[in-house]
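Everything below concerns the one structure shown next.
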Number of protein chains: 4
Amino acid sequence: MAGNSFGEVFRITTFGESHGDGVGVVIDGCPPRISLSTEDFVPDMARRRPGTDSFGTPRREEDKVEILSGVFEGLTTGAPITLFIRNQDADSKPYEVLRAVFRPGHGDYTYFKKYGHFDFRGGGRYSSRETAARVAAGVVAGKILEPIGVKIVAYTLELGGIRAGSINLDFVEKNPLYCPDPAATKRMEEAMSRARKEGDSLGGIAEVRATGCPAGFGEPVFDKLDADLAKAVMSIGTVKGVEIGAGFEAARFKGSENNDLITTDGFQTNQAGGILGGISNGDEIILRAAMKPIPSISREQDTVDRQGRSARVKFIGRFDVAALPRIIPVLEAMVKIVLADHYLRLKTMR
Amino acid sequence: MAGNSFGEVFRITTFGESHGDGVGVVIDGCPPRISLSTEDFVPDMARRRPGTDSFGTPRREEDKVEILSGVFEGLTTGAPITLFIRNQDADSKPYEVLRAVFRPGHGDYTYFKKYGHFDFRGGGRYSSRETAARVAAGVVAGKILEPIGVKIVAYTLELGGIRAGSINLDFVEKNPLYCPDPAATKRMEEAMSRARKEGDSLGGIAEVRATGCPAGFGEPVFDKLDADLAKAVMSIGTVKGVEIGAGFEAARFKGSENNDLITTDGFQTNQAGGILGGISNGDEIILRAAMKPIPSISREQDTVDRQGRSARVKFIGRFDVAALPRIIPVLEAMVKIVLADHYLRLKTMR
Amino acid sequence: MAGNSFGEVFRITTFGESHGDGVGVVIDGCPPRISLSTEDFVPDMARRRPGTDSFGTPRREEDKVEILSGVFEGLTTGAPITLFIRNQDADSKPYEVLRAVFRPGHGDYTYFKKYGHFDFRGGGRYSSRETAARVAAGVVAGKILEPIGVKIVAYTLELGGIRAGSINLDFVEKNPLYCPDPAATKRMEEAMSRARKEGDSLGGIAEVRATGCPAGFGEPVFDKLDADLAKAVMSIGTVKGVEIGAGFEAARFKGSENNDLITTDGFQTNQAGGILGGISNGDEIILRAAMKPIPSISREQDTVDRQGRSARVKFIGRFDVAALPRIIPVLEAMVKIVLADHYLRLKTMR
Amino acid sequence: MAGNSFGEVFRITTFGESHGDGVGVVIDGCPPRISLSTEDFVPDMARRRPGTDSFGTPRREEDKVEILSGVFEGLTTGAPITLFIRNQDADSKPYEVLRAVFRPGHGDYTYFKKYGHFDFRGGGRYSSRETAARVAAGVVAGKILEPIGVKIVAYTLELGGIRAGSINLDFVEKNPLYCPDPAATKRMEEAMSRARKEGDSLGGIAEVRATGCPAGFGEPVFDKLDADLAKAVMSIGTVKGVEIGAGFEAARFKGSENNDLITTDGFQTNQAGGILGGISNGDEIILRAAMKPIPSISREQDTVDRQGRSARVKFIGRFDVAALPRIIPVLEAMVKIVLADHYLRLKTMR
C-alpha cells in the first residue's frame, strides 16, 4: 500500500519523476467556487525553482503550472484539481552511472532494495523535483486559508552552522537565502560559496510561523496538529528533525518555566508553539525543521554496486549546495496543506 | 473527521478516557494465527503502569488487559482484536476545578475551544492514560515483528538537563528511569527528587533504537518511514520534537561528513539513522524524542476561566514529575506499530 | 488490510464474535454535544433482538448497550464513542461439528480458506450477531440526522415470494414482520410457519425509504450516495442484490418514461429514487435489498470436510427462518450511517 | 471530503471533465516491475471509445492513453502511475443552455445544488467520459490479475427489454452490442434503431463473470468482496441496481434450493455467485448491473431553471442511445480494479 497521498479532507496525491514527463498533483476535497488561475502559482513556483540564484543547480525549469482539471470559468468546481508541471531541462546522461552503483546518502540503495529497479534519472521519484507538486498544492491550500486570515512564513534560521541572530521578517524576501538577519545572511552566503568551491554541501535549519490560525485545529489522539505537521515536514527529503515551539529546548525546562500562563490578553509566552493537547490554541504556530546537507557532492566516495561489490562514485550532475533556501516554499506549502486540511476537518465537528 | 486511528494495514483505533470505564484499542488488520493471550501484555503494561516507582503518580492501576475479540483458542483470527483496560483507581474530585478554569500547559483550554465541553476528569481523552491502549497495541505489533527479528529498545537519554554519557543497554531495564548510564541515573534521580520537592516537573529526551529491520520499509513520498515515525512519536502527549539519526546535528555537518559511505560490510556510519529516501536501509533505526516537562505542577499559576476572566489555579491531583520514564514503553509501542504496519504494507509491493 | 471500518467522517469500526465476550463498535467522528444515553438504544436493539417473535431463533439476549467511552454528562464529547453489547445466552456446543466440516451456504468454507482457522462458535465474526453493533451505531447516526429532519423507515416488501400489495407505513411497526400490507402479512406468516415445519428457510426483499434528506449528499465519482448505500447494504450478510429507485425495472424503461421531469413543485416522479448523478436530489431516497434464504436449515446436506473429503452435515443450532424481519433495523441503521457520514462530509465543501 | 479515489491498496484517483483538457487517473499502490506500455491500453480503450458503432454518439475521440509517470524502461516502478487521455473532439456549444436550465434525469440539478456552479460542458465531471479513466486503470489492474489466472468478461444480458436467451461467450466480441446470443442481438439492434429514430433511449442489464479467482478475496465485515463490487459497479453512472449470483431471484428461493452443496469436485451449483460470507469461494464470480436508459433524449421535456421557474428543455447534443454496449469495458474495468485491490490486500494477511 503506497503512500503518495496526504491529508484527509484536503487530500493531495502527487506523482511524477525528475526526468519523466513532469511532476503533478491531484487535489481532492477542495471546496468549490474558489478563484484559481495559472497566474496564482507563479510567485511560489518561482521561489522554489532551480536556477534562480547563484547557489542553486544550474538546471533551468520554467515551472509553469498547468491546470488539467477541476476549474471552470476561473473557479474551482469541487471536482479534483489536477496540476501539472512539465520537465523541460532534464539531462539524464550523468545518471547512467546509477545503473551500476549507489550514491551514499541518496535513495539509490533503498529504492533498489525495495522495488528491484528504479527510475534513477535525476533521482526519479525521490528527486527534490517532486516538491514542485507540493508547492503547487500549497498555493491551493493557501487560497482556502486566506479568507480566515491564516498567514504562513518560513525562513532560514541556520545554515552551515551560522544562525540568524535576529528575526526581521521584512528582510526574508529581500535576500536569496530567505534569511531574516542581514548580518547572518552575508556569512551564510560566504559559507555557501566556500562549500561550493570545496565540492561539498551544507545543512541548515528553517523556521515556519503561522499566524491567524484559530483555536481548534487538530484531531486527537493521532491526527494531532503537531503530529500531522511533523509528518508533513519530515516527509520532505533531507529533513531529519522537526520540533514545535520550544522543541528540544523544552526538554531542559522545568514545568514552571515551560507552561504558558494564560491571561485575559491571551498566552503570556509561547513555549507551546501554538499547540496544546494536539490542538491549535489560537497563538502563533511555530515549528523548526533540520535539513541534512544534501548528499550530492562532487567528491569521490566509497560505495558498492548492485552486485554488492566495492566501488567508488564521483558524481557530476547539477545540484544545489544546500536544500535551503529552495526548500523554504516547500515547508510553507506543507504547513498550508496541513492547516487547510484541519480547517476543513474541523467543520465536520461543528 | 476525527483522528483516533493510526496505521494503514495494521490499523489501531483507540478509545477511552482517564476516569471513564477504561481505555482500549481495536486493532484491525492483524494477520491470523498469531498466538496471543492476556499474559503477553503483562510485562509492557507493568513498565508503563502508574504507581510503580517513587517518582510516579500515586494512582494505582492493575492495568490488566482484557481481550474482548479477535482471538480464538489462543490464536488471532484475522478479525478485529479489541483490548480493554479498565480504570480502577480513578479519583475525579480534584478535577472539579476544571469546570471553571484552564490549567496552563494542558489541553483544557483547547479542548474547551474545540468541543465546547469536555471530560475533564483526569484529563479525559488527553490524559496520558490513553497511552495504555497504545502500549497494549504495541504488544501485538511486536508479535508481528518478532519472527522477522526486529527488536526495539528505548531509553532515557536525557532528563532534567542531565544526559547519559554512555549507552549501556544492559543497564536500561535495571533502573527505574530506563537510563543506560549508571552515573547519570543517580544524578537524574536526584533531579527528580528535587523537582518533586519544589512542586515542579522535568522534561527529557528519549532515544529509540530498532535493530533487525530489513531494507525496504517506508512508502514515499508521504508515508516515508521517517515521516510516519515522526507522526507516531509526536502524537504522544508532551513530545515537542523528534529527530532521526544525526537529526538536528545533521544541520551542522557538511555532506562529506554526513553521507554514510557504503562498504561490502554495510554502511560505515549511521548518520542517517537507518533511513534513506524515506525507506529503511537495513541499518539500525535511531530516533530521539524531546518531552516537555509535564504541565501538572503543584504551584499556583495564572490563567483564565471559561468566561475569559483572570483566575489562579493550583492543582492538587496525582501526577508524575516527568513523562519519562513511563513514556519509554509508549515510545517503543509506537515504533513497533509503525514498523509492523510498514512490514505488512511492503508485502503488497512484492 | 482488513475491512472492519465504514464511513469517512462518521466512521465506525465494529468488532466481536457471536460467542465471544460480545460485539461492539467504536464510532470516531461523531460531533460533540449530542445527547446520548443507554436508553436511546433500547427501541432499535429490541427490534433486532433474537427471541422476540415466534419465527426467530430461540436464543435470548438482553442486548443492553454499554457506553464505554465518548460520552460525558450525557453528551458526546467528540472523542470516540465505544458501544458494547455483551453475549449472554450463547451455546457453542452445536457448533463443534464445524471443527470438521463446512456448512453449505455459510462462511465456514471461505473463512477457513482465507484465515486457516476461525472462530466457528455461532458463526463467530460472520454471525448475524455482528449486526447488533451496526444497529447500535445507527442509533448514534440517527441522532445526527434528527435535527435536519431526515427520517428512515424500512419494511418487508416481499417474503417467501409473497409481495406486499400496498404500502401502509402505519402498519409496519404493528406486525412482527414489519410488513406494510395486512393481507400480505398473514400469508407471509403462514409461509414462515410452513418453512419452519419443513426445516427450511425463506428469502425476501426489504425496502428502505429516507425522507427529508436535503439535496447535495454524495461525493462523485466513487463515493456517490448510491454507491455508498449499495456497499453499506451489500455488506450485510444474506443480501445478494440492491437497487435504487426503479432499479432493475429501469432497465426496461425508455428514457422518456424514466426521466423524472422537474416542476416548480419538485420532481413529478421518482424513478431515480432520490439520487441523480450520485447526489441526493431532495426527493425521497428509495432502495431495495434482496436477501437470500438464510443458509441454516435443519436438513442434512452434502458437503466436504477440512481435508476435502465428502461429508454430510445436519445442523441443529438455533436460527431464524428468514433474515427478515430482524434485518429491518439493520438496514435502517446502515442507511442512517451512510447519510450521517455524507451529511458531515458535505460540510467540508461549504 | 470528496470521493474521487477508490481501492485501498491498488488505489485509483480519477480526475478530469468531458470538455476540459482531458480525463485521467493516478494509480498508487501498483507493484513494481510489471510491464506497461501505451499499446496495452489500445484494445480496451477502443471498446469503450465513442464513435465506433452506428448506435453511439458521433463524437470522435482517439482516446490514446499517455503514461505521465510511474513507468521506467517499460516497467512499473512502484511510484504512482498517471494515465492521461486528452479530449479532442469536444463541442461545448450545445451545452450553453445548461447555464439556465436543468436536464431531467441528469446530474445538472444536483451538481448545481451541491456545488453552486459546475462545469456543464458535456456534463463536465459527471459525463460518462469520466469512465475512460476507469477503463485505463482497469488495464493496469488486469496486468496484476493476469499472472494468477483471473479472467473477466462482461456482456449485454438484456437491452430494451430483450434478453439474451443463451450465453455464447465466443460471440460476445463478435457483435457491437457485446451480446452473447446472436438471435437476441438482432432484435436488440432493431430496438436500438427504433429508439434512435424516436429520439428516445434504452436501458439494459449487463452480466460480468470472473473466473480463476482464488478463494480468500474479501475483507469482512464491510469490505466484503460483494460489498466492494456493489459499490464499484453502482458508482458507474446510469447503474441503478446490482446483484450477485442468484441476486433478486434468491429472495424467492428456499434455503434448501439456494444453498450450493459442496462436493469433492467443488460447488455443485453457484447460486452464491462465487462469494460466501463476503469472501470469494474459488468458484466463478457472477454479478449483474441494471442500467437505466440514458437521460439524454432529443424530446422536449419539462424542467425548471436555476431560479426555480418552469422551463422546457430540448437538448441537441451528441449522445448514445443506451449506456450499453459502451459500458461493458467499464464494468470489466471496475471488477478488475476490485479484484486486484483484494488480491493485494490478501497478501497482508498471509
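The values are calculated or read from the model by the stated rules, or taken from the named source; none is laboratory data. It should be emphasised that the depicted structure is a prediction, and the values quoted were computed from it without experimental measurement. Using ideal geometry, Cβ is built from the backbone for each residue, glycine included, and neighbour counts are taken over all protein chains shown. Heads up: the accessible areas ignore ligands, DNA and RNA and are worked out on the full protein's heavy atoms, side chains in. Shrake-Rupley method; radii C 1.70, N 1.55, O 1.52, S 1.80 Å.
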message: Can you give the local net charge around C:Val304? Use residues other than it whose beta-carbon is closer than 13 angstrom to its beta-carbon, Lys and Arg +1, Asp and Glu -1.
response: 0
field: Within 10 Å of each Cβ in B:288-301, the average number of Cβ atoms from other chains
entry: 5
message: What is the sum of charges, Lys and Arg at +1 and Asp and Glu at -1, for the other residues whose Cβ falls under 14 Å from the Cβ of B:Thr211?
response: -2
Column: log10 I(q)/I(0), Debye, Cα scatterers of the protein assembly as shown, q = 0.05 Å⁻¹: -0.36
- line: For region D:5-349, the percent of accessible surface on carbon and sulfur atoms (probe 1.4 angstrom, ligands and nucleic acids excluded) is 48
query: Helix D:328-347 versus the longest principal axis of chain D: what angle, 0 to 90°, nearest 10, using Cα atoms?
result: 40
- line: Rounded to whole angstrom, the alpha-carbon centroid of region B:305-346 lies from that of region B:231-295 at a distance of 22
- prompt: Along the principal axes of its C-alpha atoms, what lengths does region A:59-103 span, in descending order and rounded to whole Å?
  reply: 49, 20, 12
- prompt: In percent, what relative contact order does chain C have, based on Cα pairs under 8 Å that are 6 or more apart in sequence?
  reply: 22
- prompt: What is the sum of charges around D:Cys30, taking Lys and Arg as +1, Asp and Glu as -1, for the other residues whose C-beta is under 11 Å from the C-beta of D:Cys30?
  reply: +1
query: Total Å² of accessible surface buried at the D-C contact, 1.4 Å probe, nearest 100?
result: 8200
- prompt: What ranking, highest mean first, results for peptides D:278-289, B:90-101 when packing means the other Cβ atoms within 10 Å averaged over each residue?
  reply: D:278-289, B:90-101
field: Whole-angstrom gap from region D:106-178 to region A:94-142, using each part's C-alpha centre
entry: 36
- request: Note down the nm distance, to one decimal, between modelled labels 7 Å out along Cα→Cβ at C:Arg350 and at B:Glu249.
  value: 5.5
- prompt: What does a probe at C:Ser37 reach in region C:128-150, counting residues whose amide N is under 20 Å from the point 7 Å along Cα→Cβ?
  reply: C:136-147
29 Å Cα-Cα threshold exceeded, pairs from B:Lys93/C:Lys336; A:Lys93/B:Lys231; A:Lys336/B:Lys151; A:Lys231/B:Lys254; A:Lys174/A:Lys292; A:Lys113/A:Lys197: B:Lys93/C:Lys336; A:Lys93/B:Lys231; A:Lys336/B:Lys151; A:Lys113/A:Lys197
message: Taking 25 Å as R0, compute the FRET efficiency from the Cβ-Cβ separation of B:Ala46 and C:Glu73 and round it to 0.05.
response: 0.15
field: Per residue Cα convex hull volume in Å³ - calculated over region C:151-217
entry: 93
query: Per-residue mean of other chain beta-carbon atoms within 10 angstrom of the beta-carbon, peptide D:194-203?
result: 4
- prompt: Excluding ligands, DNA and RNA, what is the solvent-accessible area per residue of region A:207-261 at a probe of 1.4 Å, expressed in Å²?
  reply: 19
- request: Have a look at region B:336-350 and report residues whose accessible surface goes down by 50 Å² or more when the remaining protein chains are included, against the chain on its own, probe 1.4 Å, ligands and DNA/RNA excluded.
  value: B:Lys347, B:Thr348, B:Met349, B:Arg350
query: Taking Cα atoms, how many degrees apart are the long axis of helix D:182-197 and the longest axis of chain D, rounded to 10 and kept between 0 and 90?
result: 20
query: Which percent of the Cα-Cα distances in chain A go past 31 Å?
result: 36
- line: One residue of chain A has its C-beta nearest the axis rotating A onto C; that residue and its distance in whole Å are A:Lys347, 2
Only Lys, Arg (+1) and Asp, Glu (-1) charged, at Cβ; region B:52-164 dipole about Cα centre in debye: 400
task: Go through region D:1-28 and flag every residue whose accessible area shrinks by 40 Å² or more with all protein chains in place compared to the isolated chain (probe 1.4 Å).
output: D:Met1, D:Ala2, D:Gly3, D:Asn4, D:Glu8, D:Val9, D:Thr13, D:Phe15, D:Glu17, D:Asp21, D:Val26, D:Asp28
With Cα atoms, 0 to 90° folded angle of helix B:225-234 axis to chain B main axis: 10
query: In region B:189-209, which residues have a backbone nitrogen under 18 Å from the label point lying 7 Å from B:Ala183's Cα in the Cα-to-Cβ direction?
result: B:189-191
query: With the radius of gyration and the Kirkwood radius both derived from the Cα set of region A:192-257, what is their ratio Rg to Rh?
result: 1.10
- request: Measure up B:Lys186/B:Lys224; C:Lys314/D:Lys224; B:Lys224/D:Lys114; A:Lys224/D:Lys143; B:Lys186/B:Lys240 against 29 Å on the Cα-Cα distance and list the ones that go over.
  value: B:Lys186/B:Lys224; B:Lys224/D:Lys114; A:Lys224/D:Lys143
